[in-house]
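Engineer: Mind looking over this structure? Questions follow.
The values are calculated or read from the model by the stated rules, or taken from the named source; none is laboratory data. All values derive from a computational prediction rather than experimental measurement. FYI the Cβ positions are ideal-geometry reconstructions off the backbone, even for glycines, and counts take in every protein chain you see.
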Amino acid sequence: MKKEEIVELLRKDMRGEHQAIIQYLYHAYAMGEGEIACEVEAIARDEMRHLDWLADAIMELGGEPTMERDEPDFSLGTVAENLQKNAELEQVAVEQYRVHIEAIDDPKIRRLLARILHDELAHKEQFLDLAKEAAEEAEAAAEGEGAVPAAPPERLVEILNQGIRHEYTVILQYLYHSFVAEDKELFEELQNTAINEMQHMGWLAEALASRGGKPEMSHTELFLSHDAQENLQADIAVEQEVTRDYTEQLGELDDEKLKKLIARIRDHEIYHDAVFKYLLEEVREEAKPGEEAPQEEEPQAEEPEEKSPPTIPTVGSLKE
């Protein structure tokens, strides 16, 4: 099988993993806090690792990772019904990976897909067990159900969903930028930042769901390139934009618990901005020798300034 054909199969697998991540997180956020929700989020993190592995394999083959997704099922039933849907999605993945393993003749790729297939089989069984557990819990709690919470104010829904869309966007953008990064430090910082943004998306979605709202799991336009400087400039711009948005929205909120949450997320974004600026400085410094090579004969060239780590603003809520 040609490399281009293998890449297309792996891109199809990436779209399925992306679909699973978002569907599972959506269900977990709708549940609120609890043991089952935590287990579903853990499975979503496994799927994110799969996405990363597939992207790395595609890059090694000279292909282009995709940040597109197959469409998740956002219809909500009972917790048990949602978990059953997830088990069915895992079965789809199992069948797809088996077909791809059979079709691909590259032993390294076959090993990778077999490893992922093993996880998907385990996930299917986990979801079936969790669905049974959820059904039993629902039956036991049926007599003591509380009142359905009133719908939250429209502006609050708008604020939280704007944050969710932003966080989802930068998760994908930073992951892609990490996939194409050649520098190890840049790769690790982008991956760590994407993980932190995934936390933010979860906090905001859970805050909205717990108030009777529906999280909007969509993203805005992504900046995707293979140029590290351009990527970091775009990442800095989006961090600064959302910092301004969160700061303005704080003045609209009356809920003190929610204000603390938004302030905490805003302060994380300030930190990301500082880290990205530091990384951009490093990338620019590394690019200078090649650019300045013709001027090596100049004896009086100034020594480059020593780089210092990012200055982290002193913001009270960062201490939490």
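Engineer: How many residues does the stretch 27-42 hold that are surrounded by fewer than 23 Cβ atoms within 10 Å (Cβ to Cβ), assigned to a helix (DSSP H, G or I) and either out of contact with any Phe, Trp or Tyr (no Cβ under 8 Å at 6 or more places or on another chain) or not charged (D, E, K, R) (or both)?
Structural biologist: Summing the residues that are surrounded by fewer than 23 Cβ atoms within 10 Å (Cβ to Cβ), assigned to a helix (DSSP H, G or I) and either out of contact with any Phe, Trp or Tyr (no Cβ under 8 Å at 6 or more places or on another chain) or not charged (D, E, K, R) (or both) in the stretch 27-42 gives 8.
Engineer: Can you say whether GLN91 is surrounded by fewer than 17 Cβ atoms within 10 Å (Cβ to Cβ) and either within 20 Å of LEU222 (Cβ to Cβ) or of a type outside the set (Ser, Thr, Tyr) (or both), as far as the supplied structure shows?
Structural biologist: Considered against the rule, which asks whether it is surrounded by fewer than 17 Cβ atoms within 10 Å (Cβ to Cβ) and either within 20 Å of LEU222 (Cβ to Cβ) or of a type outside the set (Ser, Thr, Tyr) (or both), GLN91 comes out as yes.
Engineer: Also, I was wondering about something else. Go through the stretch 198-213 and give me each residue that's closer than 18 Å to TYR168 by Cβ and in contact (Cβ under 8 Å) with a residue 40 or more places away in the chain. Walk me through it before giving the result.
Structural biologist: Taking the stretch 198-213 first, the residues closer than 18 Å to TYR168 by Cβ are 198-209, 213.
Within the stretch 198-213, MET198, HIS200, MET201, GLY202, TRP203, LEU204, ALA205, GLU206, ALA207, LEU208, ALA209, GLY213 qualify.
Engineer: Give all pairs with beta carbons closer than 6 Å in which a residue from the stretch 1-21 that is surrounded by 20 or more Cβ atoms within 10 Å (Cβ to Cβ) meets a residue that is hydroxyl-bearing (Ser, Thr, Tyr); count only pairs at least 6 apart in sequence or on separate chains.
Structural biologist: Filtered contacts from the stretch 1-21: MET14/THR66.
Engineer: Moving on to the next point. For the stretch 95-114, name all the residues that are farther than 30 Å from GLU182 by Cβ and surrounded by fewer than 15 Cβ atoms within 10 Å (Cβ to Cβ).
Structural biologist: Selection gives GLU95, ARG98, VAL99, GLU102, ALA103.
Engineer: Look at LEU117 and say whether it is more than 24 Å from ASP46 (Cα to Cα), among the hydrophobic types (A, V, I, L, M, F, W, C), under 26 Å from the mean Cα position of the chain (by Cα) and surrounded by fewer than 21 Cβ atoms within 10 Å (Cβ to Cβ).
Structural biologist: For LEU117, the condition - more than 24 Å from ASP46 (Cα to Cα), among the hydrophobic types (A, V, I, L, M, F, W, C), under 26 Å from the mean Cα position of the chain (by Cα) and surrounded by fewer than 21 Cβ atoms within 10 Å (Cβ to Cβ) - is not met.
Engineer: Pairs only if they're at least six apart or on different chains, beta carbon under 7 angstrom, first in the stretch 148-167 and over 14 Å from LEU258 (Cα atoms) and in the same structural domain as ILE195 (by TED's automatic domain parsing), second surrounded by fewer than 17 Cβ atoms within 10 Å (Cβ to Cβ) and hydroxyl-bearing (Ser, Thr, Tyr); list them, first residue then second.
Structural biologist: Taking only residues 6 or more apart or on different chains, the pairs are ARG165/SER218; ARG165/THR220.
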